[in-house]
Every structure is written in C-alpha cells, then in structure tokens.
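Step one of this worksheet: look at the structure below.
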Amino acid sequence: MSAEEKKPKERVGVYVCHCGTNIAGVVNVGEVSKWASDNLSDEGVVVARDYKFMCSSLGQELIQKDIKEQKLTRVVVAACSPHLHEKTFRNACKGADLNPYLCELVSIREQDSWVHTDKIAATEKAKAIISGGVARVIHHEPLEPLHVPIHPATLIVGGGIAGIQAALEIADAGFPVYLVEREPSIGGHMAQFDKTFPTLDCSACILTPKMVDVGNHKNITMLTYSEVQKVDGYVGNFAVTIKKRARYIKTEDCTGCGICWEKCPKKVIDDHFEAGLGYRKAVYTPFPQAVPKYPVIDDINCTYFVKGTCKACEKFCPTNAIDFNQKDEILTVEVGNIILATGWDLFDARRVPNYGYGRLANVFTNMEFERLSNSAGPTGGNIVLRDGKTTPKSVGIVHCVGSRDKNYNNYCSAICCMQSLKFAHLVHEKTGATVYNFYIDIRTPAKAYDEFYQRIIEEGTLFVRGKVAEITDAARNPGEEGKLIVQVEDTLVGKQRRIPVDMVILSAGLEPRYDSKALAKTFGISCSADGWFIERHPKLDPVATMTEGVYIAGCVQGPKDIPASVVQGAAAAARILGKIQQKEIALEPVRATINEEQCSGCRICNTLCPFNAILFHEDRMVSEVNPALCQGCGTCVAACPAGAIAGTGFSNEQILSQIDGLLLLNLNKKEAVPAVLPQV
Amino acid sequence: MTDTPETKPLDSTRDKPFEPVMIGFTCNWCSYRAADMAGISRMKYAPNVRLIRLMCSGRLDPTFVFKAFAGGADAVLVSGCHPGDCHYATQNYKAMRRFHLMQRVLAQMGIEPARLKLLWASAAEGQIFANEITKFVEEVRALGPLNWNTKPNAVEVPAEIPVEEVQA
Amino acid sequence: MTDYLYYPGCSMESSAKAYEASVEAVCGPLGINLKEIDDWNCCGATEYLSLDTTPAYSLIARNLALAEEQANGTRTLLAACSACYLNLSKADHYMHEDKAFGKKINEALAAGGLHYDPGQLVIRHLLDVMFNEVGLDKIKEKVVKPLTGLRVASYIGCMVPRPDYNKHVSDTEHPYELDDLLKALGAEVIDFPLKTACCGGHMTQIGPDTAFELIRRLISAADEYKADALVALCPMCQMNLDAFQGQMNGYFHTNYHIPILFFTQLMGIAFGKNPEDLGFGSELVSAHEAMKRIGIQTPEPVPAKPVAKKPTGLPMPPPRVRAVQQTTGNEEAS
Amino acid sequence: MTEPVIVSDPPSAGPVKHEDLKLLQEVILRTPGDPGLEMCIQCGTCGGSCPSASAMDHTPRAIFAMLRAGMREDVMKSNTPWMCVSCYYCTVRCPQEIHITDVMYTLKNMSLESKVGGNSTASDFSKTFISLVENYGRSFEIGLAGFHNVKHFITRLPSMTPMAIGMLTKKGMSPFPPKRIKGMDQLKKILKRAKELEAV
C-alpha cells in the first residue's frame, strides 16, 4: 500500500489519554502521541496530543478547539473502553459540529495498560491500536441516530418487594404497569418472613399495605399465576407474550370467601409458602393476605383432575365461581420498558451432606425457621422440634450454608449474618434456649446492623468462630445421646469442639432462580456464571442492563436485603419514568442495508436473520432490510456472497482497514517499527 | 519442581524470543466486555493480541481472518458469547460453523489450523479471557512465526469484495 | 466376561486373604475377569507420601506403567483395597493435572525403562465396578440365598468416597452404593451415620490412643444400631476394626463384639458359596453368631430405627433426587 | 529492614526469620498439582472435621496460619501432619477447595528434612514400612508391626499378644517376609532416579 502518491483525504486528530497514571503509568503516552504524528501523517493525522484526562471538560475542549482550528474531519481518542466513554467523546465532537459517528474511541486502558506489565510491549501495542483506529476512522460515515417512540407502559416481572415497589412508583406517576407474577399471589419471599432485621418489625405488617395498594391501583394490571413466554421488539416497543395459567376460578364471580378450601378434601404439603413445614389444600390461596384474594386449583394434586371425581369445591361455592374447564390463556401486551425482579431461590441444604438436612429431623433451614417462628405459620409461631411439640433447650445457628464455599456457591449471600442474628434473638425471646451462632465472619455493614449484633451479644448468644464441619447424631458419650452434635473448630480457641444441641438452623444462602439462565435468554440480557443478572455497570449503573429498555431490581442482580431491594425497585422505576417522559428514544444507527443493485436474490441472508428483519421482494427478486427490526449484528453482511449488504458502523472497509492499521501496514515506511517481522 | 522450560523458538532475525502478532475479533456484548472485565480486574495477560470489536461474532467475514493472516498476523482469535447466550439469538453458532470451515481452508492453504482459535467468553469471564489469551500466545509461540510463502503485503485482499455480474 | 486389569495390593496376600478369596469367588459369576498386573509392587500406602514426594509417586506409577503395558485393550484398572485405589488414582490425577510433575515422574520411570501416559487408565474400586458396571440387577439374579434377617452396617471408609478425583461415587459422606448392594443381597441395612468415618488408618501403629478412640466410635455406633456385622471394603479398615477391637475393648473397658466382614464375603454367601471358600473364620471377632442367625433363617427382622409410624409432627423435606443410574426398586424391607 | 518479630505464646521457636515469610509459597511449590493453600480463609472446617484433631498440638487451620506467619520451626516441630489419618474429610469439605491432605504430606516431607522434630513414632513407622518395600517391593505387615511395636510400644506388647496370635493363626498371615518382586532391580533404579529428582 504505497502511500507516497495518495493524498490523505481526511484530517484526523489523535488524542492519547493519560488517565492519570492508569494509562501513563504503563504506556509511554508522550512517545505514542509523537509516534502518531510522525508516522501516521500519510493516513491523514494532522495533530496528535496526549493529555492527562481526555474525558475532563478541558480534555473535551481540546478536541473541540482542534476540530475548529485544524478543521479535523475525524477524531481518534485512545483512552478507556468505548463502553465507558464513547458517548462522552461523540458528544464532544457533536458540540464542535462534527458528526459524532466520525469519532472512534480505542481502548488502551482495559486492553493495554491495565492488563500488561511490560512497558515497552504495552507502548508498542498502544501504537498499533491507535494505528488501527486511525485506519478505521477514515472509513467512518456521518450517521444519524434512529429515533423511535416509547410506549408508556412498563412490564414488571416478579411481584416480590422489589417488583411491588417499582410498580407503585411507576403507577403513581401516572403510567400503566403490567405486573407479572408466577405464584397465585404477589408478595414474594418477604410475605413468608416473620420479623425483619434489624428493627424486628413484622414482615407481613409492612408488606401487606403495599400489596393492597398494588391490587387496587388503577394503573396496575396484575397478572398472577402467569409467566412471560416470549419477548419481541426492542426498547420503546416490546411485545411480550404472557401465559396466564388457568386458575379454574372465575375471578369475576369469586368473593374470596374461603369455603372452597375449607371443603376441599385434599391436603397437600405446602413446599412453597410454608417451606414444606405445613399443609395446604388442593384449592388454596398461599396465605390469608394474598393479593389477589382469589384462590387457584392446583391441577396436579386436585382429586378431580387426578381421578375425575370430587368437585367438592364446586358443590359448596356460593357464587358458582369454580370452572374446571378453564384453559391457560396466552396474551400479548405492548410495553416500552421492562423491569426484571424475579428474586432468588433458597440454596438446597441437602447438597451439604455433612450438615444432615433431610436426614436428621431437627436440622431446619432458614425458610423453615421463618415459618416456625411466624405466628401465622404451621405451629402458630411456636418454635418446636420436628415432633411438633418439644421446645428446644439449645439451638445452633449455622452461618454461610452453601455460601462462601467453592463446593457450592462462591459468593457471600449478604443477608445470612443479619438473618442468623435475628434468629438468635427470636429463639432467645420465644424459648429462652441457649443459642450458639457458628460463623466465619460477622458481616453487618448497613445502618443499625452492627448495633443489632451488639444487642444479640448482650442477650447472651454464644458466638463460636468456625465453619461447622459436621452435624451428626452419632453420640460419642452419654451427654451427647439424643442430641444433634455440632462439630466445629472453635478457631479462636484453636480446638475442635462438639456442641450438643436440640435444634440446628441452617442459614442457607441465596441462589439465582433455577431458571434464571432461560429467563436471561428470553429477555436478551446476560447473566454471570453464577446466574445473577449482570448490570450495565457494577457501581454506576446497577439497575440498567446491557440491553436497552430492560432493567433489573432486587435479588435478581445479586443477594441483597429488603432495604436494598426496595431502593433498586424505586431506582429502576425512576430510570424508566425518565425515559417515558422523553416520549422517544435515540437508537444506535448500526444497521444493515442491502444494495439492491448488487443483490442477486439468492436469499441466503433471509434465513440467517434471527429477527426476521430481511424481507424478500418476490417481484423484484431482491431482499431488503427493515431498519426498525434490524439489530445490527452483521451476520448477513458477512454471509452475503455478492457483498451486497453493508453494515453501517461496521463495514468491510472499516474492519479491513483496521486490520491493516493494527498490523501497521499503513505506516509510512521511513521510520517504521516493523511489527511484522521480516521473514526469510 | 524446577522444570526448565523448553527452549523457545527464536526468531531468526532477532536475538529475542519470538513474539507472535495476533489479531482478535470480539463481539460487542460478551467477549469485548470480558476483555473489559479483565482490564477492570487488572488481570494480566500477554500483550500480543490486538482486538477488533464487531457487533457480533456472526459478523465475522472469513475474509477478515484471511486478511489478517495475509497481513502478517501469526494467529487470529475469534471470540463471542457462549453458545445459547448470543445477544442476537443464535448468530454465534454461525460464527462457530464458519470457524470450522476456516480451519479447513487454512489447512488447505498450508497454515496450521491451530493458529485460529475460537473462544467463548461471557461478560463476566475476564479471567477465562485473560488465561485463554496467555495460553494461546504460548501455543502460537510454540508453532513459531507464520511460515507462509508470501511477504507481508504481497497478497492484496481487496477491501471491496468484487461484485460479479449475476445472471438472474 | 469383561476383562479388568487388577491390582490386588499387599494386604490381599497377607492380612486380607479372606477378601482375596471372596473377591475371586464372586467375580467369576458376575462376569468380571481379573487380570492381575504382572509383578506389581506395593503402592506405598500413606507412608511413602509422608517421607518423600517424587519417589512415592514413582513407586505408584510403576504399577500404572506396568498396567498400561499389559493393558491389551483394557483400560479399567481395578483395585479392591481403598488405599491402593486412591494412591493409583492420585498418581494418575496429579501426573495429568500437573504436567511438569508428570514429566518428572516419567523421568524417574524411564530409569527403569518404563513410561506412563496419565489419563490412559480408568482407575476404579471394585465396589464402583460392581455397582455401576455389573449393576444390581445382575447381582440380584445371582442371589440364591438372600441374607434376610442379617442386620448390617455398611462401612465405606475414607478413601473410596474421598477425594474421589473422578467422581465415581455418589456422595463424599453418605454414598448409597454399598447400602443398595447389601440390600440387593437381602440384608437389612441400617442407616449408619459413620459410614464414611475414619477407621484410624495407621494410627494403630503410631498413636494407639487416637486409633482406639476412632475404632470405638465406629464399633459403638454399630452396636447402638444393633448391627450383627459391619461390612467393609478395605483390608485396612477391616484389620483395624477387627484385629484391634479386642485391644480397644480393653482400653475402654467395654465389651463390644461386632464382626467385621468384607462385602464380597456376604456376596459369596448370598451367591450360595461355601463359607470356608470365602475366608470365613479368619476374622478375629467371630462372625459365627451373626451368620448362624441367617443360617436358621430368623423370620422377623428387628426393625431398624424406631421411626415412621405415623407422620405426627412436622413433615420432613423429601430426600434429594439421586443420580439416575440405579433403577432397582429395592425400597421395601426397611 | 527490621526483621518482623512474631509474639506468640510460649513455647515458640523464637522470632520469625525474614526468608521464612515465603514459607507458605515453599509448601505450595512442593505439593503436586495446585493445592490452593494461599486461599485459606481460616474458617476451621479442617480442624472441625479432623478425626484426630484432639491428638494434634495445633489444628490444621492453625498450622496454615503459622505457615503464613513464617513460623517455620514451630510448624516443623508440630505433630499435626503426623497425626493426619488421610481421611480426606477436610479436603472435600474445605470451602476453598484446598488440598489439605496433600499439604500434610508435604509438611511431613519438610519436617523430616528439617530434622527438628515432628513425631518420631510416626516417621519411624513410615521409614520402616518403606525400607521393607524398598527391599522386597511389597509390604510385610507382620514384620513391620512387630519391628515397630517392639521399638515404640514395648509396654503394650502383652496386650497385643492375643491379636498377634490371631493374625498368624486365624488370618493365616505368614511370619516370613514376602517374596521379592521380579523387577526389584528396575524398581530400585526408578526410586534412585526419583530421589535424585526430588533433591533438585
């Protein structure tokens, strides 16, 4: 590529950011900018500068000044990842009347200075990256963002506390909300809890007023016993397909009087709401304060559905609200934004064989204990052993079950410390039993949390620092007989201890929903290897996702307590309200377009597109891309045998030139450092 | 365990161990973010790979890969979201199919197929991304410089793929 | 008949002759053809690893190299002793995982003209092969004299379920393989909580006080559960619990009498073999009484734990779903 | 640079030497595979699981803390690794997936090299066992037990008599050493080379 004859047609400015010492500490930025101005002039570089913080207002002004004075037609900024500051620098260019898409941000921080230690190699790599950016930017075209209107309605998936909060915020602002909940009632895990830490106020007492508000709100459409099946469209214009499971109850007739479940002869272990400790009927509402108040018939257990006879509920229903012929309904709603607040599943403590859950009767999980302690629970709030009557005299509470453990989940479940302290208090208060808390570290970092810890110490709970090794009923001496023995190293003493107790409570950790990966796929967002959904930025954008228009709130993003879930619900709502009020949204103009002149009509691209954005004109025998549906992946561009499809923003010219640039093939050969070593 | 490393192949022209030049293609959603994640977490890896961001690994036109080899790259990395996690539904499967095809073509052209690597990395897998790059660099270093009987720049891969008249 | 490479281990020739005899007696009918590695050497137990690393692994690896040489199309190397099984799989595992280490061990082997490619052999314990390869259905077919009325504690010990590098066993602490196998023979199997606890290992030789305590835990628990016998699958476990039971009794002033049998001995009985051919009588704590019980066919078995009358109280969580594999509906009895 | 001084309860082996601050790393490097020892969070699962913890002067967890602190002599003198019964409970339960049992083997190796102590009964047993194996290629249980117990537990011999008789009669164990394996020369060559490699 002899550049001698060619006169560069564009005037390019190169800006190398120090990012304090983040880049300059490893990459010799001065050398890089000088190199760019010396060696890339044939490519059109007319100015190359380095500056301490390009993203600062002074840094941006520097670019704007050059655009005006040096008449730059292209800008390359070598700084951090485009995912962080691409918008910043595009806006800077826009401010100086340069089309924002004529600016290219190349990453010499995340991809260079932060990941390499060899300063010389890192500096050389920075040069190559900038060279690639320059070669590419020349082929950029001025683009205009696509503007699409935003539908004012919002879909919220998950009716736990995070979803409830978000729904109320948006509905109160006057916009419609669809709240989809898989269970027969909203309320989520919070409805199961007895008390909430650290204030010890009754969970149901603070939750149910909010549930009632949701139920009565004119802007909220509740879709309980329902699941999202499919999501089409994009930000501003989603079409969501929802399956509403048959309740077998005519909700327009049902008064929620409760005669049906009184009369129902079929008793079922309630492994959901009562955590397997209590029973419900085959027709039921999960709990008395359920919203909506209508029951459902569980068609897996209902005698009529199993054997074909019974219909006791139907016989006794005073309003004839039972309808065994109801079918699942599929409905589609249109929304502009989506909040996912699907919460968490409890870690299955049976997976820890040494803790004996499921094998030793008096080993309970945290959820079981919440129900035991709850006055609306199966024992009326009496804390008793599995025999249903004996009050324990000593209780061991085990922290970190299934959390902070590479055999199960590596992360800290965040709530178990406070929850276990709460349990210690409740056991102490209700039974007077001796309570041991077995912990690795006590983590109480929120407001009034550590004070709560102090209070529990003061109440006389015995703290043993050590991860419990095993819980067994194999006694070694008469003192241990008939007890559960908690075997642990008391690490502060440095000795192994065997502590006999009557009851053990396992603070099992929080896990992503078992189907979180499938859910992420449905909504087109990403989830971490653990299964928690990934936020746009872990610190600065915790409720948005990489997919425009899809937000996350509550434990779906990671384990957190009630206050944090509420904050996220409200935060996601605020983000969406801001968008709705703008009435339209600008989308990246990264789209494919087909040059009809070149299209041979082979239709290879038609089947490749997952969004059905390519239509084929039978009359003219050519294909065409619908820009509203195209998401810009570029697969069709790569596949077109005729080269008839252009990918805006990622065109062949751009990428092929960038390859040249990265390999330093575009250099004026005078002083070039050969990156491609001469070969024999 | 003082295992002496095998003598690395030396580049004939320099008295330094051979440092391969590699081009990497990432998708915008998972693997580029994995690279970002590696950076944010300050994970260290070999500085030999220079990345190009595509929207999707499905955008990867085999021409890009051949162009990179023709331009003197010793190896090419193609990375995308894990199968099933593609931001564009299934397009990374298309990249995978092209990958196998490209390996075969490379072999026919006399280039070791091991110089082309496919790597799935989710946005959270910075560590995997970093480790795999370091590993790949070692593998390519063991293969030595790309020994293709052309000088750099000798093969012109046209930026514009020529359009031939197609009889409808 | 399926061929398996077989590493018997030293104990099989001395203290665990009963194990050797019974293994031979039951493998034939089940179609297991044991091809003993020619000129195998001791695996070093836990002792050589304590002294030196490279020589210890080299000692083990010689057996692997010989087995690979003599494989002749077979890939599975079978061991009946838990310690041998673990050592063999440990050497294979680390040579595979740590390439530099594998190279070093092969360098040592080269001094004797041998070489082993880590990962070439699949190393398995006899119980694992019986359960997962032969299968309970086939074992049940061979049962001519069910062990009805014999109440046994199944005892697996440490080194088969842990660390279990290749995940051959169902659980690290409460595996069900031996339970299910003994149930398939018709025995009544108690839910022994110390199923995978330690027998004391070499502590009988270096810290008898500790060893006696570990032995006592097992024996007293078996006694508490009213087990007629404790069933082991490792010569070391059997020896510690059997030979040292008397000394342990003396040490603690107790009078436990729990015979320790190899699972293959019970399989042999159920298959209708002659007790003498299975090494019965070689145990120091006599199994005579226990075996007499089934000799006279005690009609009503003592119920296991006093449980499961009526579900009063609060319900228990359902058991964890097991891995697919075994489909033998042996859920009655207990 | 001043040397770090560790204050600990007596009897401690005195101040920590600067070079011993790499002690943890040394243990990791000497263990096959990646034992992950640097990841210890001091939770005590190992000490809680250990069936012979009561016989140890320090729990395994404490030993790992001491390795971090560079307390070489205290660790080398400790009987902890020698009391390990290789039951692998700690290994499978460790939340950080540290190969604790393998680390214990390494510590035994190092303790023998350091010659400052450990547990003579245990190391002698290992040595006796291995000398027999190195001579015959197979172990010799009766001979080993006899030799070892006469040396270390002479007072206990009377209580062992019934057992010993049982071993010979009922179990039919031979009081004579096993037959040498055919490849004894080969084995010796391998072990010789292995020992050279170990020393590197």
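Listed values, structure above:
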{"read-out": "Residue of D:Gly44, D:Gly33, D:Gly70 that the Gaussian network model of chain D assigns the largest fluctuation, springs spanning Cα pairs under 10 Å", "value": "D:Gly33"}
{"read-out": "All-pairs alpha carbon distance profile, region D:18-114, 5 Å steps from 0, percent", "value": "2, 15, 28, 29, 19, 5, 1"}
{"read-out": "Farthest positive-ward along the protein assembly as shown dipole, Cα basis, beta-carbon charges - from C:Leu86, B:Ala89, A:Ser203", "value": "A:Ser203"}
{"read-out": "Qualifying trypsin sites (Lys or Arg not before Pro) for region A:206-314 [loop in DSSP, other Cβ within 10 Å: at most 12]", "value": "A:Lys218"}
{"read-out": "Net dipole in debye of the protein assembly as shown [+1 Lys, Arg Cβ; -1 Asp, Glu Cβ; about Cα centre; nearest 20]", "value": "1160 debye"}
{"read-out": "Selection from C:Ala222, B:Met55, D:Gly36, by position along the positive dipole direction of the protein assembly as shown (Cβ)", "value": "C:Ala222"}
{"read-out": "Helix axis angle, C:54-69 relative to chain C longest principal axis, alpha carbon, degrees", "value": "90 degrees"}
{"read-out": "Projected label distance in nm at A:Thr309 and C:His288, using a 7 Å step from Cα toward the beta-carbon", "value": "6.3 nm"}
{"read-out": "Separation of the A:Lys293 and A:Asn606 label points, Cα + 7 Å toward Cβ, nm", "value": "5.7 nm"}
{"read-out": "Alpha carbon centroid spacing (whole Å) that separates region C:240-263 from region A:22-71", "value": "83 Å"}
{"read-out": "Under 14 Å from C:Lys138, Cα to Cα: aspartates and glutamates that are on another chain or at least 8 residues apart", "value": "C:Asp180"}
{"read-out": "Magnitude of the charge dipole, region C:195-303, Cβ model with Lys/Arg +1 and Asp/Glu -1, debye to 20", "value": "140 debye"}
{"read-out": "Estimated translational D of the protein assembly as shown in µm²/s (Stokes, Kirkwood radius over Cα pairs; 37 °C; 0.692 mPa s)", "value": "91 µm²/s"}
{"read-out": "Residue-wise HN-Hα coupling along region B:44-52, computed from phi with Karplus coefficients 6.51, -1.76, 1.60 (Hz; x: Gly, Pro)", "value": "9, 8, 5, x, 8, 9, 10, 9, 10"}
{"read-out": "Amide H partners (placed H, <5 Å) of A:Arg49, local residues excluded", "value": "A:Val14, A:Tyr15, A:Val16"}
{"read-out": "Chymotrypsin sites (Phe, Trp or Tyr not before Pro) restricted to DSSP loop in region A:461-557 with at most 16 other C-beta within 10 Å", "value": "A:Tyr514"}
{"read-out": "GNM flexibility winner over chain D from D:Ser139, D:Ser114, D:Ser159 (Cα, springs under 10 Å)", "value": "D:Ser159"}
{"read-out": "Inter-site label distance for A:Lys87 and C:Val122 at 7 Å from Cα along Cβ, in nm", "value": "5.5 nm"}
{"read-out": "Gap separating the Cα centres of region D:148-200 and region B:73-121, nearest whole Å", "value": "58 Å"}
{"read-out": "Residues of type lysines that A:Lys393 reaches as a straight line, Cα spacing below 16 Å, ignoring anything fewer than 8 places off in the same chain", "value": "A:Lys430, A:Lys483"}
{"read-out": "Gain in span if fully extended, D:Lys179 to D:Asp57, counting 0.36 nm per residue against the direct Cα distance", "value": "39.9 nm"}
{"read-out": "Full-extension gain in nm, C:Thr254 to C:Lys138, via 0.36 nm per residue minus C-alpha separation", "value": "37.6 nm"}
{"read-out": "Region A:84-139 and region C:123-193: distance between their alpha carbon centers, rounded to Å", "value": "63 Å"}
{"read-out": "³J(HN,Hα) computed for each position of region A:431-440 - Karplus, 6.51 cos²θ - 1.76 cosθ + 1.60, integer Hz, glycine/proline x", "value": "10, x, 5, 6, 10, 10, 10, 9, 10, 9"}
{"read-out": "Cα-Cα over 18 Å, subset of A:Lys195/A:Lys281; A:Lys210/A:Lys243; C:Lys142/C:Lys183; A:Lys495/D:Lys115", "value": "A:Lys195/A:Lys281; A:Lys210/A:Lys243; A:Lys495/D:Lys115"}
{"read-out": "Positive-end residue, the protein assembly as shown charge dipole about Cα centroid, Cβ charges, pick of A:Ala79, C:Leu59, A:Gly236", "value": "C:Leu59"}
{"read-out": "DSSP beta bridge pairing in region B:22-143, given as percent antiparallel to the nearest 5", "value": "5 percent"}
{"read-out": "Where GluC sites (Glu not before Pro) fall in DSSP loop in region A:589-639, at most 10 other Cβ within 10 Å", "value": "A:Glu597, A:Glu618"}
{"read-out": "Residue with peak Gaussian network fluctuation, chain D [Cα springs, cutoff 10 Å], from D:Gly48, D:Gly137, D:Gly166", "value": "D:Gly166"}
{"read-out": "Distance violations [Cα-Cα > 26 Å] among A:Lys87/A:Lys447; C:Lys103/D:Lys188; A:Lys389/A:Lys560", "value": "A:Lys87/A:Lys447; A:Lys389/A:Lys560"}
{"read-out": "Lysine pair number, Cα distance threshold 21 Å (strictly under), region B:22-143, separation 8 or more or different chains", "value": "6"}
{"read-out": "Nearest 10 degrees, 0 to 90: helix D:141-152 Cα axis against chain D principal axis", "value": "60 degrees"}
{"read-out": "Pairwise Cα inverse-distance average, inverted: Kirkwood Rh of chain C (Å)", "value": "20.7 Å"}
{"read-out": "Radius, Kirkwood style, for region A:592-648 when every pair of distinct Cα atoms is counted (Å)", "value": "10.8 Å"}
{"read-out": "Whichever aspartates and glutamates have a C-alpha closer than 15 Å to that of D:Lys108, once near sequence neighbours (fewer than 8 apart) are set aside", "value": "C:Glu47, C:Asp52, D:Glu26, D:Asp57, D:Glu73, D:Asp74, D:Asp124, D:Glu198"}
{"read-out": "Global form of region A:339-413, assessed from the alpha-carbon gyration tensor, a/c cut-off 1.5", "value": "oblate"}
{"read-out": "Anisotropy class of region B:22-143 from Cα gyration tensor, a/c 1.5 cut", "value": "oblate"}
{"read-out": "Tensor-based shape of region D:72-200 (alpha-carbon gyration tensor, a/c under 1.5 rounded, otherwise prolate or oblate)", "value": "oblate"}
{"read-out": "Scattering profile of chain A at q = 0.07 Å⁻¹ [log10 I(q)/I(0), Debye over alpha-carbon scatterers]", "value": "-0.65"}
{"read-out": "Burial ordering of A:Ser403, C:Ser58, fewest other beta-carbon atoms within 10 Å first", "value": "A:Ser403, C:Ser58"}
{"read-out": "Antiparallel %, DSSP beta bridges [both residues in the protein assembly as shown], to 5", "value": "40 percent"}
{"read-out": "Helix A:562-582 axis, angle to chain A major axis (alpha carbon atoms, nearest 10°)", "value": "40 degrees"}
{"read-out": "Label point at B:Asn131 placed 7 Å out along Cα→Cβ; residues across region C:98-128 whose backbone nitrogen lies under 18 Å", "value": "C:98-101"}
{"read-out": "Region A:224-236 - phi-based ³J(HN,Hα) in whole Hz, Karplus 6.51/-1.76/1.60, Gly and Pro as x", "value": "8, 6, 9, 9, 6, 9, 8, 10, 10, x, 8, 3, x"}
{"read-out": "Point-charge dipole on Cβ atoms (K/R +1, D/E -1) for chain A, about Cα centre, debye to 20", "value": "1140 debye"}
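Throughout, read-outs are computed from the coordinates displayed, never taken from laboratory work. Being a predicted model, the structure only gives us computed values, none of them experimental. Virtual Cβ from ideal backbone geometry, glycine too; neighbours counted across all protein chains shown.
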